[in-house]
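What follows is a single structure, written as structure tokens, with notes after it.
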Amino acid sequence: MLADTAELARKAAAKREGLGAFNVVLLEFAEAFVDAAEAAGRPIIFQLSQNAIAYHGGRLEPLGKALLDLGASAHVPVGVHLDHAESVDLCHRAVDMGFTSIMYDGSKLPDAENRATTAAVADYAHAAGVSVEAELGEVGGKNGVHNPTARTDPQDAAKFVADTGVDLLAVAVGSSHAMATRDAVLDTGLISRIKAAVPVPLVLHGSSGVPDAGMVDAIHAGMTKINVSTHLNVLYTAEVRRVLAADPAVVDPRKYGKPGNAAVRAEVERLLRLYAGE
Ligand code: G3H
Ligand code: ZN
């Protein structure tokens, strides 16, 4: 069933559990995510990024409708989230379609402009009952260069939430986007301080680079929505590469897609259980 992303995050935060949020790069990833979440008996968030929509020719509706349909028919709560949208128009379209949350990413904008635009997007979304995530302190790596140096100030984060009315806040605490290795070191002391200052659930971007033990510590310190993309791409592509290398005559995408999807499904189930403290 579909569920409000922020509500799922608030419930997880109250138990100091993580809420897994996984990026849908290919549509079949979402099918693997449903299977994994049902097997784990855990809620899950499907994330569709502005970049992924661009990859699919800029078409939000076909993918978005499929995700909403998959989520609605799942036997666990599913949030459908627009990820890293820098376009206000795209945010409005996702709200109008019935996404359960959107992320307006104004982290590259001058501070005042980020606050004002985020607040306006939040007003639009809230009028439709849709939750909003924003980012304060740009988490690096979106340009492909690993950069874990940004840090979010706890008091600034509290003021940002008050100024904008967002329901979830992404913060910079040592992760970096698009890492294919799992050796990032998070600042758990900073996570605790932000958690104490901010009244909404915290979101970790660039979670692929964080090893299991570091993630468990981060969740205990107060991190809740855990965004993972690259790590799953690594596993999927390794399986596809293995199958193609073993049999260069393969031409049917299902022959390599199936093992790729199976690898994604198994790892998402494992991560959901890890985030739940199992
Ligand atoms: O918003 C998506 C996440 O931040 C994913 O980052 O690809 O480094 O796991 P990642
Ligand atoms: Zn991100």
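General observations
- Rounded to the nearest 500, the helix-only mean residue ellipticity at 222 nm of the chain stands at -16000 deg cm²/dmol, with each DSSP H run of n ≥ 4 adding -39,500 (n - 2.57).
- Unit charges on C-beta of K, R, D, E only; dipole of the chain, Debye: 520
- In a simple Cβ point-charge model (Lys, Arg +1; Asp, Glu -1; nothing else charged), the range 31-136 has a dipole of about 100 debye relative to its Cα centre.
- Shape call, the range 118-250: gyration tensor on alpha carbons, a/c limit 1.5: prolate
- In order through the range 213-228: 3J(HN,Hα) via Karplus (6.51 cos²θ - 1.76 cosθ + 1.60), integer Hz, x for Gly, Pro: 5, x, 5, 4, 4, 5, 5, 5, 6, x, 7, 10, 7, 10, 8, 10
- Computed over protein heavy atoms with a 1.4 angstrom probe, the accessible surface ordering of Met215, Met97, Met1, largest first, is Met1, Met97, Met215.
- Measuring r between the beta carbons of Ser192 and Asp163 and using R0 = 25 Å, the FRET efficiency lands at 0.65.
- Farthest positive-ward along the chain dipole, Cα basis, beta-carbon charges - from Val243, Ile219, Gly79: Val243
- Computed over the range 130-171, the percent of Cα pairs more than 13 Å apart is 56.
- The range 79-152: relative contact order in percent, alpha carbon pairs under 8 Å with at least 6 residues between: 27
- Under a model in which nothing but the beta-carbon of Lys, Arg (+1) and Asp, Glu (-1) is charged, the range 109-267 shows a dipole of about 560 debye around its Cα centre.
- With Cα atoms defining each centre, the range 1-76 and the range 82-155 are spaced 18 Å apart in the structure.
- For the range 124-278, relative contact order (Cα pairs under 8 Å, six or more residues apart, normalised by length) works out to 18 percent.
- Tilt relative to the chain, helix 230-246 - C-alpha long axis, 0 to 90 degrees, to 10: 10
- Extension gain for the segment Met1 to Ala54, taken as residue separation times 0.36 nm less the Cα-Cα distance, is 16.4 nm to one decimal.
- Per-residue SASA entry for Val251, accessible area with 1.4 Å probe, Å² rounded to 10: 130
- When the solvent-accessible area of the range 1-153 is split by element, carbon and sulfur atoms take up 53 percent of it, the probe being 1.4 Å.
- The angle between the Cα long axis of helix 27-40 and the longest principal axis of the Cα atoms of the chain comes to about 80 degrees, rounded to the nearest 10.
- Prolate/oblate/rounded label for the range 22-79 (Cα gyration tensor, a/c 1.5): prolate
- Accessible area of Phe160 (1.4 Å probe, protein heavy atoms only, ligands and nucleic acids ignored): about 0 Å².
- Counting only heavy atoms of the protein chains and using a 1.4 Å probe, Asp96 has close to 110 Å² of accessible surface.
- Average accessible surface for the range 1-142: 37 Å² per residue, computed with a 1.4 Å probe over protein heavy atoms with every protein chain in place.
- The chain: translational diffusion in µm²/s, Stokes-Einstein, Kirkwood Rh over Cα pairs, 4 °C, 1.567 mPa s: 70
- Working from label points 7 Å from Cα in the Cα-to-Cβ sense, the Lys255 to Glu278 distance is 3.4 nm.
- Length available on full extension from Leu244 to Ala266: 0.36 nm per residue minus the Cα-Cα distance, which gives 5.9 nm.
- Within the straight-line cut-off of under 19 Å between alpha carbons, the lysines reachable from Lys195 are Lys11, Lys15, Lys159, Lys225, sequence neighbours fewer than 8 places apart in one chain being disregarded.
- Accessible area, probe 1.4 Å, largest first, for residues His81, His146, His75: His75, His146, His81
- Sequence-separation-based contact order of the chain, relative, with Cα cut under 8 Å and 6+ spacing, percent: 21
The values are calculated or read from the model by the stated rules, or taken from the named source; none is laboratory data. Quick caveat, the model's predicted, so the values are computed rather than measured. Neighbour counts run over all protein chains shown; Cβ positions are idealised from the backbone, glycine included. With ligands, DNA and RNA removed, areas are computed over all heavy atoms of the protein, side chains included. Shrake-Rupley method; radii C 1.70, N 1.55, O 1.52, S 1.80 Å.
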